[in-house]
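One structure is given here, and the rest of the page talks about it.
The values are calculated or read from the model by the stated rules, or taken from the named source; none is laboratory data. The structure displayed is predicted, hence computed values, not measured ones. Positions of Cβ are generated from backbone atoms using ideal geometry, with glycine treated the same way; all protein chains shown enter the neighbour counts.
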Amino acid sequence: MPDVIQDKCDRLFALYDTDGNGHLDHEDVTLMVDRILAGSNVPADSPKAAALAAEYDAWWQSLLAHADVNGDGVITREEFRATMGGRALDDPALQGTVRKAVDAVFSALDSDDDHEIPASVLVAMFTRGGLSQDDATEAASVFDLDGDGTITREEYATRWLDFFTTDDPDSPANRILGNLA
């Protein structure tokens, strides 16, 4: 596995392992949704929150189907690396599930439904997820493809899908979770 892919897998795993117990489980999915909602103006009992939770549950089930080799209901770092590093997102079904989850996050962050989010909202989300302020600011700038200070749904989805699928070490998408150096 190329170093850039392994590094991205490890960073994603650390981000997704919200409770720090060394594996991914459904509790991590619940905590991810809670973190996203905490940084948005979306009430936890709203349709947007329900849509976000439903898409993250679907993403989790799809990830389990691809990565949980031993069927124990959790995904270890090694299982995650093997799946994500093995180009699992070349599978259209998993890619579709990821796209729906990405869209649901965008919708939750787009509190006024104007189809764009300020870069500052992404900075806040990434710092809540554990990135430094500098890395979070850099990540937000990577999403802003046209440099206008706001991120559209398409910009947001494009960068995430690039992040998940590219093995080009120079891709700007690789700076989403901090520089891969």
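So, SER40, is that one in contact (Cβ under 8 Å) with a residue 40 or more places away in the chain and of a type in the set (S, T, N, Q) or not? Full working, then the answer.
Working: in contact (Cβ under 8 Å) with a residue 40 or more places away in the chain: yes; of a type in the set (S, T, N, Q): yes.
Taking the combined requirement at face value, the residue satisfies it.
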Number of positions in region 77-102 that are crowded, with 17+ Cβ neighbours inside 10 Å, out of contact with any Phe, Trp or Tyr (no Cβ under 6 Å at 6 or more places or on another chain) and modelled with pLDDT of 90 or more: 1
Residues that are in contact with a Leu (Cβ under 7 Å, 6 or more places away or on another chain) and closer than 21 Å to ILE36 by Cα, drawn from region 53-94: SER62
One residue from ALA136, ALA119 being at pLDDT 90 or above and touching a Gly at 6+ places or on another chain (Cβ under 7 Å): ALA119
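Kindly indicate whether LEU180 is surrounded by fewer than 20 Cβ atoms within 10 Å (Cβ to Cβ), more than 16 Å from the chain's Cα centre (by Cα) and at pLDDT 85 or above. Full working, then the answer.
Working: surrounded by fewer than 20 Cβ atoms within 10 Å (Cβ to Cβ): yes; more than 16 Å from the chain's Cα centre (by Cα): yes; at pLDDT 85 or above: no.
For LEU180, the condition - surrounded by fewer than 20 Cβ atoms within 10 Å (Cβ to Cβ), more than 16 Å from the chain's Cα centre (by Cα) and at pLDDT 85 or above - is not met.
Looking only at region 28-53, which residues are hydroxyl-bearing (Ser, Thr, Tyr) and surrounded by fewer than 20 Cβ atoms within 10 Å (Cβ to Cβ)?
If the condition is that a residue be hydroxyl-bearing (Ser, Thr, Tyr) and surrounded by fewer than 20 Cβ atoms within 10 Å (Cβ to Cβ), then THR30, SER46 are the ones that fit.
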Failed item in (1) outside any loop (DSSP other than H, G, I, E, B); (2) touching a residue at least 40 places away in the same chain (Cβ under 8 Å); (3) not basic (Lys, Arg), with ALA50 passing the rest: (2)
In region 12-27, the residues that are of a type in the set (Asp, Glu), loosely packed, with under 14 Cβ neighbours inside 10 Å and not in a helix (DSSP H, G or I): ASP19
Residue in region 4-21 that is out of contact with any helix residue (DSSP H, G or I) (no Cβ under 7 Å at 6 or more places or on another chain), without any contact (Cβ under 8 Å) to a residue 60 or more places away in the chain and closer than 20 Å to GLY71 by Cα present: yes
Residue match in region 139-150 (condition: modelled with pLDDT under 90 and charged (D, E, K, R)): no
